[in-house]
Amino acid sequence: MVEIASDQFGFVPERSTIDAIFIARQVMEKYREKNKPCHLAFLDLEKAYDRLPRAVLWEVMRERGIPECMVRTVQVMYDGSTARVRTSHGITSKFDITVGVHQGSALSPFLFIMTLDTVVKHLLEGRPFTLLYADDVALIADSRAEL
């Protein structure tokens, strides 16, 4: 089983936005008690599901120890994805979809948060403090520079 970091609250059993808000409030209160400045940044990764590079997804799945047969099974689900767009002039020709996770798939939230979890670990290495809810990110730090 793949473990998701404790700072991710989206689509994780027994975690919710209420938990994330509670933690953020507790952290702010601790800063206030110590009379230290608390800097927060809230980020919304716009269209994050649509923009996830699939090569990164496959790499993350392997890095997280997911068996190769399962990686290949998910790849098969994504290979050959096409779409058409309805416009005022009619329906376009099919075009390949080579990035993003499938909208509406029960597996997509897990694939996305697993990838974001891995990327955040690599980029931040513990600082600043993060709270994640799917594609929404809260950063908490001692200074603006640290953010």
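Values in this text are rule-based calculations from the coordinates and carry no lab data. A quick note: this is a predicted structure, and the numbers were derived from the prediction, not measured. Methodologically, a virtual Cβ is constructed for each residue, glycine included, from the backbone with ideal geometry; neighbour enumeration extends over all protein chains shown.
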request  = For segment 40-123, count all C-alpha to C-alpha pairs, find those more than 23 Å apart, and express that count as a whole percent of the total.
outcome  = 31 percent
inquiry  = Compute a Gaussian network model of the chain, connecting alpha carbons closer than 10 Å, and tell me which residue from Leu45, Leu132, Leu111 fluctuates the most.
reply    = Leu45
inquiry  = Residues of segment 1-39 with the amide nitrogen closer than 15 Å to a label point 7 Å from the Cα of Arg64, along Cα-to-Cβ, please.
reply    = 1-13
query = Once label points are set 7 Å from the Cα along Cα→Cβ at both Phe22 and Ser108, what is their separation, rounded to one decimal in nm?
reply = 3.0 nm
message = Run the helix sum for the chain: -39,500 (n - 2.57) per DSSP H stretch of 4+ residues, divided by residue count, reported at 222 nm to the nearest 500 deg cm²/dmol.
response = -12500 deg cm²/dmol
request  = For the chain, report the translational diffusion coefficient in µm²/s to the nearest whole number, using Stokes-Einstein at 20 °C, 1.002 mPa s, and a Kirkwood Rh over Cα pairs.
outcome  = 123 µm²/s
Under the Karplus curve 6.51 cos²θ - 1.76 cosθ + 1.60, θ = phi - 60°, whole-Hz ³J(HN,Hα) for segment 115-121, x wherever Gly or Pro sits = 5, 4, 4, 5, 5, 4, 4
key: Spherically averaged projected area in nm², based on the convex hull that wraps the Cα atoms of segment 74-113   = 3.5 nm²
Lys pairs under 27 Å by Cα in segment 17-141, provided they are eight or more residues apart or on distinct chains = 4
request  = Scan segment 1-88 for trypsin sites (Lys or Arg not before Pro) in coil per DSSP, keeping those whose Cβ has at most 13 other Cβ atoms within 10 Å, and list them by number.
outcome  = Lys34, Lys47, Arg84
query = Hey, rough spin-label estimate for Glu33 and Thr82, points 7 angstrom out along Cα→Cβ, what's it come to in nanometres?
reply = 6.1 nm
key: Relative contact order %, segment 17-141, counting alpha carbon pairs below 8 Å whose residues are six or more apart   = 36 percent
ask   = Expressed in nm to one decimal, what extension gain is obtained for the pair Ala41 and Phe11 from 0.36 nm per residue of sequence separation less their Cα-Cα distance?
value = 8.6 nm
task = Tabulate in residue order the Karplus-calculated ³J(HN,Hα) for segment 76-90, using 6.51 cos²θ - 1.76 cosθ + 1.60 with θ = phi - 60°, rounded to whole Hz; enter x for Gly and Pro.
result = 4, 4, 9, 4, x, 5, 9, 8, 10, 10, 8, 10, 5, 9, x
ask   = How far is the Cα center of segment 96-147 from the Cα center of segment 1-62, in Å?
value = 7 Å
